[in-house]
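Have a look at the structure below before the remarks.
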Amino acid sequence: MAVEVLDSDGIRRALTRIAHEIVERNDGVKGLALVGIHTCGVPLARRIAEAIARIEGTEPPVGAIDITLYRDDAGRLGATAHMEPSDIPFDLQERKVVLVDDVLYTGRTIRAALDALIDFGRPAAVQLAVLIDRGHRELPIRADYVGKNVPTSRSQKVRVELGEHGERDAVWIEEAANGTR
Amino acid sequence: MALGNRHLLGLEGVSAEDITVLLDTAESLVEVSRREVKKLPALRGKTVINFFVENSTRTRTSFEIAAKRLSADAISISSSSSSMAKGETFEDTARNLAAMSPDCIVVRHPASGAARFLAGVVDCSIINAGDGSHEHPTQALLDLLTIRQRKKCAWKDLVVTIVGDIVHSRVARSNLFGLRTLGATVRLAGPPTLLPEEFREFGAELYYDIGSAVQDADVIMMLRIQHERMASNYFPTLNEYARYFCLNAEKVARAKPDVIILHPGPINRGIEISSEVADGPYSVIMSQVANGVALRMALLYQLIIPGADGIRGSALVEPAVTAAPGRARIE
Amino acid sequence: MTTRNQRNTAPPALLVRGGHLVDPVSGRDGLFDVLIEHGRVVGVGSPGSLDPAQLAMPGMGSDVPVIDARGLIVAPGFVDMHVHLREPGYEYKETIETGTRAAVAGGVTSVACMANTDPVNDNASVTKYIIDKGAEAGYANVYPIGAVSVGLKGERMAEFGKMVEAGIVAVSDDGMPVADSSLMRRALEYARMFDIPVIVHEEDPGLCCGAVMNEGTVSVRLGLRGMPSAGESVMVARDIELARATRGRLHIAHISCAEAVEMVRRAKAEGLAVTAEAAPHHFILEESAVDGYNTNAKMKPPLRTARDVEAVRQGLADGTIDAIATDHAPHHRDEKVCEFDKAAFGILGLETMLPLSLELVRAGYLSMTRLIDALAPAPSRILGIERGTLEPGAVADLVLFDPEREWTLTAATMVSKSRNTPFDGWKMKGRVVRTLVGGVTVWEHTE
């Protein structure tokens with residue numbers, strides 16, 4: 001059984017709000033960069049960058065990182081055939097970087113992403129933007145920008161669908177028994 | 001599902017899917033060498049032993065860097081520093097290495113089948129880094145990666161010509177198996193003494209004339225010619241070998257205009273490849289070296305981290321032993 | 001189960017009753033009783049027709065022990081003319097005692113053992129030593145084969161005459177080819193004086209240099225150096241021509257390739273004194289047995305192709321190949337559990353000869369009579385030894401076997417001191433039930 005918690009419009013409004021908050025907090029786009037975490041964080045970062053461009057007239061640079069090889073649970077989850085190249089097409093030095101991901105859960109992905117990011121250079125500051133915060137943190141990590149807080153139980157699964165190819169955007173909560181795993 | 005130890009003993013029998021996963025993973029790791037901090041924590045706490053019974057600075061260094069970039073503890077043991085120099089058997093040396101609980105042993109050995117033998121003796125993943133005249137799968141995989149980066153067409157539309165001492169070349173065998181699995185056309189060229197007819201049975205086309213062999217080829221792979229072959233009369237002199245099989249600009253002109261030229265190194269300039277070609281615009285020899293590290297990182301990760309989502313191919317696990325191998329048909 | 005041969009306690013008389021006798025020399029092929037007295041066959045007759053009391057042993061009457069052979073084939077004990085007993089010098093692989101015990105377990109009552117021991121059997125004292133050790137062991141009869149050349153070096157001819165006086169039945173440098181054509185010529189000529197065959201291991205040293213398996217698809221795929229068939233056939237061609245020139249007796253050991261079989265066929269048609277033997281692995285296994293770098297499939301000559309296997313089978317069927325001989329070559333585990341290039345050549349043969357050979361009968365290549373001929377009378381004729389028949393008056397070396405009994409070979413429980421067999425775990429059909437040498441049971445299999 002799946003319950004929709006955000007639809008296309010909801011997602012668009014949440015991202016627009018996050019874009020405003022980022023501009024507000026950082027006094028514009030100067031020295032700002034967005035880095036999406038593969039897989040869903042990358043299109044989200046791109047959409048936020050576009051929203052910022054509509055507000056400020058300048059689009060901040062967008063990068064992508066794959067954190068597969070940084071996970072502390074790699075041995076538990078096992079090797080994956082799906083890995084993407086990390087691509088940071090700008091110098092991180094003195095940049096204010098906003099990490100972007102779809103769902104914030106235990107915090108382990110973000111910890112790995114921080115490790116990965118720092119291997120590319122030394123940013124001036126790192127902030128975190130997520131579309132969904134579902135709670136259950138296992139590490140002292142919190143998001144600076146949240147699209148929607150969604151209380152969940154651990155047995156549930158949050159599924160984010162981003163229609164990059166014309167399909168509909170949506171966020172669903174599923175019972176694990178009904179889930180994909 | 002328990003997969004047990006996974007090995008890469010050769011490319012013979014490895015599926016196109018597994019080869020593609022390895023190439024994809026390697027592709028995503030190419031950028032690591034351009035980072036400020038060239039290190040990933042994926043294999044932290046894992047131990048990789050490079051066991052090189054036959055010397056090869058190039059391959060050993062590549063594996064060492066690959067293991068270290070993934071944060072594995074990598075140590076190298078060469079034949080002169082191992083007890084084999086003191087008369088210990090290969091099996092005993094292997095058991096001693098296994099007692100150190102490595103997660104993976106990378107082995108280079110002058111005897112064909114040595115990697116396979118090791119896989120039967122020790123309880124960890126084995127990577128064949130070249131066994132005698134048999135296979136050198138990581139060299140072939142990095143060649144495949146290099147080809148794929150430069151050629152955007154499908155494998156089945158590619159013509160790859162391999163020239164030189166085919167019969168003694170583990171690089172040629174691994175490339176032949178890998179390329180045929182992916183669907184490419186493979187032409188082998190060399191004097192008949194170094195190119196047995198049996199290679200036809202593995203799907204290769206045979207040529208004794210390098211000119212026809214490279215006609216309209218997309219990729220030319222030149223093999224290193226070993227000087228000692230002369231002593232066994234495989235050909236009369238290096239000079240005469242070069243006369244018929246040296247890749248020079250005139251022969252390259254017969255290939256496709258966007259042909260690329262590979263060589264596993266080290267090069268004998270003027271013997272199998274002329275300097276103008278080796279240093280020319282078609283040569284991708286330096287990309288091969290860079291791809292070698294990324295490919296070996298991908299392989300170490302895929303073999304050492306057990307996962308159902310990664311590679312799973314037949315030859316990567318211990319091949320099943322049939323009940324009565326080699327039994328002749330009898331009615 | 002085995003009973004150690006105790007000749008002094010041998011029963012004076014023994015009746016083998018109710019078996020199916022296959023004795024190619026006499027032509028008998030049917031139900032016969034065999035009566036044995038003092039180690040020799042004294043009577044062969046239809047079931048129930050032999051009454052010990054009426055024969056040479058008055059007074060024994062119904063006390064004569066009886067071996068129930070119903071449901072079994074009774075045949076002259078097998079003669080394996082190509083065995084490496086490894087003693088003296090390589091007792092860690094096999095001894096004369098363990099080797100002859102493995103022989104009788106396989107129904108082999110006589111073995112001819114090759115000279116490549118250490119010291120080499122190139123002089124009468126080594127010959128004498130082997131014969132004494134064989135007698136002491138008390139299992140199969142041991143017939144030594146002397147070296148062609150001193151130390152198997154292929155240079156100076158060994159003392160054939162003195163060795164013949166000590167008991168050799170043939171000469172051979174087996175394990176090594178006789179590379180020097182002049183030495184080969186002289187050996188064939190000189191051996192005529194003693195009417196012994198020169199047994200040849202055919203391998204051209206140049207063509208086979210450094211090679212470890214058959215040259216062909218499998219060697220190309222595995223990256224192993226191959227021996228071409230020509231490495232064998234050019235030497236067979238040379239030696240047939242030398243046999244023609246010298247009128248010497250030439251015996252081709254372990255023939256393995258189609259070309260060589262055809263040459264022997266033609267030589268025989270021309271009336272030359274050329275004979276040949278084949279090993280079971282050369283008519284049961286192909287080169288693909290090497291796959292996976294299986295060192296137990298490494299031997300000389302190497303396992304060859306399906307075409308060669310068929311030629312060997314046809315050669316045995318039409319008599320081109322006279323005898324089946326195992327080339328029993330025990331090696332220690334450490335000589336086989338290693339890199340393929342470094343592994344020793346050769347496999348065990350004695351204990352698997354019968355079931356593997358029976359496959360040729362079941363597949364219709366050989367009649368049972370022809371099979372027994374290849375296993376006993378033919379090698380006896382070649383070696384000139386008085387074995388291979390159960391005619392009255394013959395030494396009572398015999399084997400009782402069940403051609404239908406199925407069993408699984410387990411290398412770990414083999415009688416030989418070594419374990420190097422490619423047939424480990426194979427389902428076998430045909431089992432030796434009892435082996436008698438000189439009228440004494442030296443091997444008895446109980447389930």
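Here are the numbers for this structure:
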| read-out | value |
| --- | --- |
| For the protein assembly as shown: span of alpha carbons on each principal axis (Å, largest first) | 127, 68, 47 |
| Per-selection Rg to Rh, the stretch A:1-114 - Cα, Kirkwood hydrodynamic radius | 1.00 |
| Neighbouring partner chain Cβ atoms per residue of B:164-172, average, 10 Å criterion | 1 |
| Electrostatic dipole magnitude of the protein assembly as shown [Cβ: Lys, Arg +1; Asp, Glu -1; Cα centre; debye, to 20] | 1460 |
| Estimated buried accessible area (total), pair B and C, 1.4 Å, Å² to nearest 100 | 2400 |
| 5 angstrom amide H check on residue B:327, placed H, neighbours 5+ away | C:286 |
| Nearby aspartates and glutamates by direct alpha-carbon distance to residue A:30 (threshold 19 angstrom, same-chain neighbours under 8 apart not counted) | A:21, A:50, A:56, A:59, A:91, A:94, A:144 |
| Size descriptor, Kirkwood hydrodynamic radius, that averages inverse alpha-carbon separations across the stretch A:125-167, Å | 12.3 |
| Above-threshold pairs, the threshold being 30 Å between Cα atoms, out of B:38/B:151; C:342/C:429; B:39/C:342; A:96/B:38; C:268/C:427 | C:342/C:429; B:39/C:342; C:268/C:427 |
| When the stretch C:74-146 is reduced to its Cα atoms, the Kirkwood hydrodynamic radius in Å | 11.8 |
| Label point distance in nm, residue C:408-residue A:53, each placed 7 Å from Cα along Cα→Cβ | 7.1 |
| Helix-only [θ]222 nm of the protein assembly as shown, DSSP H runs n ≥ 4, -39500 (n - 2.57) each, per residue, nearest 500 | -9000 deg cm²/dmol |
| Axial C-alpha extent at least 27 Å, average Kyte-Doolittle at least 0.0 - helices from chain B (DSSP) | B:285-304 |
| Under-5 Å amide H pairs with residue B:283, H placed in peptide plane, nonlocal only | B:261 |
| Within the protein assembly as shown, percent of DSSP bridges classed antiparallel, to nearest 5 | 35 |
| Extension gain from residue B:253 to residue B:101, taking 0.36 nm per residue of separation minus the Cα-Cα distance | 49.4 nm |
| Rg/Rg_globular for the stretch B:137-287, with Rg_globular taken as 2.2 N^0.38 Å and Rg from C-alpha atoms | 0.94 |
| Hull shadow area, averaged, the stretch C:77-383 [alpha-carbon convex hull, nm²] | 13.8 |
| Spin-label pair residue C:317/residue A:7, simplified geometry with 7 Å Cα→Cβ offset, distance in nm | 8.2 |
| Packing-based order for B:286-297, B:52-63, using average beta carbon neighbours within 10 Å, highest first | B:286-297, B:52-63 |
| Å² per residue, accessible surface of chain C at 1.4 Å | 34 |
| Label zone at residue B:232 (point 7 Å along Cα-to-Cβ), backbone N below 11 Å, the stretch C:205-235 | C:208-212, C:224-227 |
| Simple spin-label estimate for residue A:142 and residue B:79 in nanometres, 7 Å along Cα-Cβ | 6.4 |
| In Hz, Karplus ³J(HN,Hα) per residue of the stretch A:122-138 (6.51, -1.76, 1.60; θ = phi - 60°; x = Gly, Pro) | 10, x, 5, 7, 10, 10, 10, 10, 9, 6, 10, 10, 9, x, 6, 5, 10 |
| Calculated FRET efficiency for the pair residue C:447/residue B:330, C-beta based, R₀ 30 Å, to 0.05 | 0.65 |
| Computed accessible area, residue A:87, all protein chains, 1.4 angstrom probe, square angstrom | 90 |
| DSSP bridge orientation in chain C - percent antiparallel, rounded to nearest 5 | 55 |
| Accessible area of the protein assembly as shown belonging to carbon and sulfur atoms, whole % at 1.4 Å probe | 50 |
| Ranked packing of C:391-401, B:34-44, most packed first, by mean Cβ within 10 Å | C:391-401, B:34-44 |
| DSSP beta bridges in the stretch C:143-252 [antiparallel fraction, %, rounded to 5] | 10 |
| Nonlocal amide H pairs with residue C:376, under 5 Å, H built at 1.01 Å | C:79 |
| Contact order relative to length of the stretch C:366-434, as percent, for alpha carbon pairs under 8 angstrom and 6 or more apart | 28 |
| The stretch B:168-213: translational diffusion in µm²/s, Stokes-Einstein, Kirkwood Rh over Cα pairs, 25 °C, 0.890 mPa s | 227 |
| Cα-Cα over 25 Å, subset of C:133/C:162; C:133/C:336; B:46/B:86; C:93/C:153; B:156/B:256 | C:133/C:336; B:46/B:86 |
| Per-peptide average of other Cβ atoms within 10 Å, ordering C:364-376, C:22-34 highest first | C:364-376, C:22-34 |
| Under 10 Å, Cβ to Cβ, from residue C:47 - net charge with Lys/Arg +1 and Asp/Glu -1 | +1 |
| Relative contact order %, chain C, counting alpha carbon pairs below 8 Å whose residues are six or more apart | 20 |
| Per-residue mean of C-beta atoms belonging to partner chains within 10 Å, peptide B:32-39 | 4 |
| Net charge contributed by nearby residues that have their C-beta within less than 9 Å of residue C:330 (K/R +1, D/E -1) | +3 |
| Convex hull (Cα only) mean projected area of chain B, reported in nm² to one decimal | 19.1 |
| ³J(HN,Hα), Karplus 6.51/-1.76/1.60, whole Hz, each residue of the stretch C:419-428, x for Gly, Pro | 10, 7, 10, x, 9, 4, x, 6, 7, 10 |
| Partner chain coverage, peptide C:219-232 - average Cβ within 10 angstrom | 5 |
| Cα pair count fraction exceeding 15 Å, expressed as % - the stretch C:390-447 | 61 |
| Contact order relative to length of chain B, as percent, for alpha carbon pairs under 8 angstrom and 6 or more apart | 23 |
| 3J(HN,Hα) from dihedral phi, the stretch A:150-160, Karplus parametrisation 6.51/-1.76/1.60, rounded to Hz, x for glycine, proline | 10, x, 9, 9, 5, 7, 8, 10, 9, 10, 10 |
| Descending principal axes extents, the stretch A:23-181, alpha-carbon based, whole Å | 46, 33, 31 |
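The values are calculated or read from the model by the stated rules, or taken from the named source; none is laboratory data. Not measured: the values here are computed from a predicted model. For neighbour counting, all protein chains shown are included, and Cβ atoms are generated from backbone atoms with ideal geometry for every residue, glycine included. Heavy atoms of the whole protein, side chains included, go into the accessibility calculation; ligands, DNA and RNA do not. Shrake-Rupley method; radii C 1.70, N 1.55, O 1.52, S 1.80 Å.
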